[in-house]
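Chemist: One structure, as structure tokens, below. Some questions next.
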Amino acid sequence: MIITRLSKTALVAAIALFSSLVAFGNITDYGTNFAFVQHVLMMDTIFPDATIKYRSIASPAVHNIAYILVILAETAVAILCWVGAFAMLGRVGASDRDFNRSKTLAIAGLTLGFLVWQVGFMSVGGEWFGMWMSKTWNGVPDAFRFFITIIAVLIYVSLPDSEQD
């Protein structure tokens, strides 16, 4: 159905907008958001008696590299989702096969988005660097909201379209 195709397209565009705003915020407010990455990697606000502090990274160069990689990944999510949404929009009235093929970049962007927030923030930041222990620099709840939203959109968009109005 056309409404379903438009719905899928709109949801991909919504994730593209979100990722664009996140990347834009990280670029234009580099210092504030850099502090987040820095504290997570230094592990300076986790429980004082935590035995995982040996994992901390004190190098400002590594902090900047990590943060730039995060920004690049968020930007890639935005670009892939924007291009994917426009590709889908351009094929919304096409055959089932053509519309399903138009989802490729959107699916790639959504998958990358899931990986950024689930692997990058939840697994690496949250578990490896113990971010969940910090009362000040804990991005786990936010990352969870982001990747759950993205995976829901990914599942919906990935479902094959086989009906038309």
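Chemist: I'd like the full set of residues that are within 30 Å of Thr45 (Cα to Cα), in contact with a helix residue (DSSP H, G or I) (Cβ under 9 Å, 6 or more places away or on another chain), assigned to a helix (DSSP H, G or I) and among the polar types (S, T, N, Q), limited to the stretch 98-136.
Modeler: Gln118, the sole residue that qualifies.
Chemist: Would you mind stating whether Ala35 is touching a helix residue (DSSP H, G or I) at 6+ places or on another chain (Cβ under 6 Å) and surrounded by 13 or more Cβ atoms within 10 Å (Cβ to Cβ)?
Modeler: Criteria not met by Ala35.
Chemist: Name the single residue that is nearest to Ile15 (Cα to Cα) among those in the stretch 58-74 being buried (at least 17 other Cβ atoms within 10 Å of the Cβ) and not hydroxyl-bearing (Ser, Thr, Tyr).
Modeler: Looking at the filtered set, the residue picked out is Glu74.
Chemist: Ala94 - would you say it is of a type in the set (A, V, I, L, M, F, W, C), surrounded by fewer than 17 Cβ atoms within 10 Å (Cβ to Cβ) and not in a helix (DSSP H, G or I)?
Modeler: yes
Chemist: How many residues are closer than 22 Å to Phe18 by Cα and either touching a residue at least 40 places away in the same chain (Cβ under 8 Å) or touching a strand residue (DSSP E or B) at 6+ places or on another chain (Cβ under 6 Å) (or both) if we restrict to the stretch 116-145?
Modeler: So the count comes out to 5.
Chemist: With the requirement that a residue be over 14 Å from Val12 (Cβ atoms) and of a type in the set (Gly, Ala, Ser), what does the stretch 75-125 give you?
Modeler: Once the filter is applied, which keeps residues that are over 14 Å from Val12 (Cβ atoms) and of a type in the set (Gly, Ala, Ser), the stretch 75-125 yields Ala76, Gly93, Ala94, Ser95, Gly120, Ser123, Gly125.
Chemist: Restricted to the stretch 54-81, and to residues that are under 18 Å from Ser123 (Cα atoms), assigned to a helix (DSSP H, G or I) and touching a residue at least 40 places away in the same chain (Cβ under 8 Å), which residue is nearest to the chain's Cα centre (by Cα)?
Modeler: Glu74
Chemist: While we're on this one: Condition test on Ala85, is it in contact with a Cys (Cβ under 8 Å, 6 or more places away or on another chain) and surrounded by 16 or more Cβ atoms within 10 Å (Cβ to Cβ)?
Modeler: The answer is no for Ala85.
Chemist: Evaluate the stretch 141-163: report whether one residue or more is over 17 Å from Ile3 (Cα atoms), charged (D, E, K, R) and either touching a helix residue (DSSP H, G or I) at 6+ places or on another chain (Cβ under 6 Å) or modelled with pLDDT under 95 (or both).
Modeler: Within the stretch 141-163, none of the residues are over 17 Å from Ile3 (Cα atoms), charged (D, E, K, R) and either touching a helix residue (DSSP H, G or I) at 6+ places or on another chain (Cβ under 6 Å) or modelled with pLDDT under 95 (or both).
The values are calculated or read from the model by the stated rules, or taken from the named source; none is laboratory data. The shown structure was predicted, so the numbers you read here are calculated from the model rather than taken from an experiment. As a convention, Cβ positions derive from the backbone with ideal geometry for all residues, glycine included, and neighbour counts pool all protein chains shown.
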